[in-house]
Amino acid sequence: MKIKRWFFVGIIFLVLTVSIIYFLFLKNEPICNDGTSYNECSEIKPYFCSAGILIENASFCGCSNLSRINNNKCIAEYQNEPKTIKLNYVLNGKKGEINFTVYKNLSDYLSEIPRYIETVDGKEATLFDFKLKSLDETYQRESLLPLVIAIENSAKTRDDQARIAISIVQNIPFGGTNKTLRIGSIDIEYYRYPYEVLYDSMGVCGEKSELLSFLLRELGYENAFFYYAAENHEAMGIKCPVEKSLGSSGYCFIETTGPSIITDYKTEYVSFGQLSSTPQIIRINGDLTFGENNFYEYSDAKTLNKIRDSSKNYGTINYIQHLQFNGLVEKYGLQTFEEKF
C-alpha cells in the first residue's frame with residue numbers, strides 16, 4: 001500500500017512540475033507582435049520572427065507571387081527609384097518615427113490607373129466599389145505591407161498598433177494636387193491612391209482616409225468610411241464598443257486631416273464649422289474591435305470637449321482646464337489651434 005501511495009504522490013508531483021515548467025517557460029515563448037511564433041515565418045512573406053522582431057528572411061520564408069528574392073529580400077515589380085520618407089507618430093505622449101522606403105515607379109504606375117468605374121458585375125458601381133478598387137490594388141498592397149510590419153514591430157498590443165497607424169496618417173500633411181483627371185470631356189480633380197499619399201507626403205481627407213483604412217484592415221480591424229455629403233468631408237471609423245461609437249453605429253470617429261483624439265467628432269473646421277449631417281457609412285471587413293480594454297481616448301475626448309465648451313461659453317478656461325489642455329496636446333500631438341481643413 002505504501003508503494004502505491006508513493007507512486008501516486010510521484011505522479012502528482014511530476015504533473016505539477018511539468019505544469020509549472022509549461023506556464024513559466026513554454027507558454028511565455030517569445031512571439032512577435034503579429035502573433036507569429038518565435039523562429040517561424042509570418043503570414044506576410046518574407047518576414048521571420050526572430051527574438052520577438054519581424055525581420056526579412058526571403059531565403060527561408062520565400063516571397064509572394066508578385067516578387068522575387070534578391071539578397072535575402074523580396075523585390076516586386078515597380079520597386080525602382082527608391083526614396084526614404086520619415087513617418088512621425090505620437091503614442092500616449094511619446095514621439096516616434098518610422099523610416100519607410102517608397103518607389104517612384106510604383107507611384108507613377110498607380111497614377112496611370114483609371115479611377116472611374118461604371119459597373120461591377122453588371123451592376124452600377126457604388127462608393128463601396130470605388131473604395132475597394134483603391135484598397136485592393138495588388139502591387140500597392142505588396143509595397144505597403146512592409147509599413148504594416150514596421151507598425152507591428154513598434155508596439156506590442158494591437159490597439160497600440162492601431163494608434164500608431166492613426167497617428168501616422170494624421171501627421172501626414174494635408175494637401176491637394178494640381179493634377180486633373182479627364183472623364184470623357186470633363187476634367188475633374190485627380191484622386192490619389194493610398195500609396196501615392198505616402199510618396200507625395202500629403203493628401204486630402206478622402207485620400208488619407210483610404211490609407212488609414214488600408215492599414216487598419218491589414219492590422220485586422222474592421223473599419224468604416226464616414227462620408228458627409230453635406231459638408232463634402234470624409235473621416236474614418238474603427239469598430240469599437242457601441243456605447244462609445246458615433247451615433248451607436250459601432251464605429252468610433254477618427255479625423256484623418258490632422259492630429260486628433262479617437263471619438264472626437266466636434267472639431268471646428270474652417271469651411272463649415274462642426275460636422276452636423278448624418279454620414280453615409282461604408283464598412284470594410286475585419287476581425288478586431290478597438291478599445292475593449294483601456295480605451296482612454298474616450299474620456300480624454302470628453303475632457304477636451306468640456307474645455308471647448310467652456311472657452312465658447314465664457315471666452316476663457318480656468319487654470320485646471322489649461323493644464324488639462326496642455327496635457328492632451330502633448331499626449332496626442334494635437335495642434336494648438338482647433339481648425340482643420
The listed residue being within 14 Å of Ser143 (Cβ to Cβ), modelled with pLDDT of 95 or more and basic (Lys, Arg), out of Lys104, Lys86, Lys94
Lys104
Show the residue pairs meeting these rules: Cβ distance below 6 Å; 6+ apart or different chains; first residue within the range 145-166 and within 20 Å of Lys45 (Cβ to Cβ); second residue among the small types (Gly, Ala, Ser).
Ile151/Ala165; Gln161/Ala155
I need the strands (runs of 3 or more DSSP E) fully contained in the range 159-276, keeping only those with at least 1 residues that are within 19 Å of Asn305 (Cα to Cα).
233-239, 251-254
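Can you say whether Asp160 is surrounded by fewer than 19 Cβ atoms within 10 Å (Cβ to Cβ), of a type outside the set (Lys, Arg) and within 23 Å of Lys239 (Cα to Cα), as far as the supplied structure shows?
Yes.
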Within the range 309-335, how many residues are part of a helix (DSSP H, G or I) and in contact with a strand residue (DSSP E or B) (Cβ under 9 Å, 6 or more places away or on another chain)?
3
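With respect to Leu110, determine if the residue is surrounded by 15 or more Cβ atoms within 10 Å (Cβ to Cβ), under 24 Å from the mean Cα position of the chain (by Cα) and assigned to a strand (DSSP E or B).
Numbers: surrounded by 15 or more Cβ atoms within 10 Å (Cβ to Cβ): yes; under 24 Å from the mean Cα position of the chain (by Cα): yes; assigned to a strand (DSSP E or B): no.
Taking the combined requirement at face value, the residue does not satisfy it.
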Working only within the range 31-67, note down all residues that are part of a strand (DSSP E or B), in contact with an Asp or Glu (Cβ under 9 Å, 6 or more places away or on another chain) and charged (D, E, K, R).
none
Thr303 vs. criteria farther than 26 Å from Leu147 by Cβ, in contact (Cβ under 8 Å) with a residue 12 or more places away in the chain and assigned to a helix (DSSP H, G or I)
yes
In the range 52-62, what residues are over 24 Å from Ile166 (Cβ atoms) and either within 24 Å of the chain's Cα centre (by Cα) or modelled with pLDDT under 95 (or both)?
Ile55, Glu56
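Has the range 244-263 got at least one residue that is farther than 23 Å from Ser213 by Cβ and assigned by TED's automatic domain parsing to the domain that holds Phe174?
Quick first cut of the range 244-263, residues farther than 23 Å from Ser213 by Cβ only: none.
Within the range 244-263, none of the residues are farther than 23 Å from Ser213 by Cβ and assigned by TED's automatic domain parsing to the domain that holds Phe174.
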Can you find a residue that is hydroxyl-bearing (Ser, Thr, Tyr) and either within 24 Å of Lys312 (Cβ to Cβ) or within 13 Å of the chain's Cα centre (by Cα) (or both) anywhere in the range 235-247?
no
So the check is Cβ under 8 Å with 6+ separation or different chains; which pairs have a first residue in the range 107-136 that's free of Cβ contacts under 8 Å to residues at least 12 places away in the same chain and a second one that's outside any loop (DSSP other than H, G, I, E, B)?
Glu118/Glu124; Val120/Asp129; Ala125/Thr119; Thr126/Val120
Any residue at all in the range 278-297 that's under 27 Å from Met202 (Cα atoms), under 19 Å from the mean Cα position of the chain (by Cα), among the basic types (Lys, Arg) and in the same structural domain as Val90 (by TED's automatic domain parsing)?
yes
Check the range 299-317 and report whether any residue there is out of contact with any Asp or Glu (no Cβ under 8 Å at 6 or more places or on another chain), modelled with pLDDT of 95 or more, in the same structural domain as Leu211 (by TED's automatic domain parsing) and among the aromatic types (Phe, Trp, Tyr).
no
Consider Gln280 carefully, then state whether it is surrounded by fewer than 19 Cβ atoms within 10 Å (Cβ to Cβ) and under 15 Å from Asn223 (Cα atoms).
yes
Scanning the range 113-143 residue by residue, the ones that are within 17 Å of Glu210 (Cα to Cα), part of a loop (DSSP other than H, G, I, E, B) and among the charged types (D, E, K, R) total 3
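The values are calculated or read from the model by the stated rules, or taken from the named source; none is laboratory data. Nothing here was measured: the structure is a model prediction, and the numbers come from that model. Quick reminder, even Gly has a Cβ in these numbers, built from the backbone with ideal geometry, and neighbours come from all protein chains shown.
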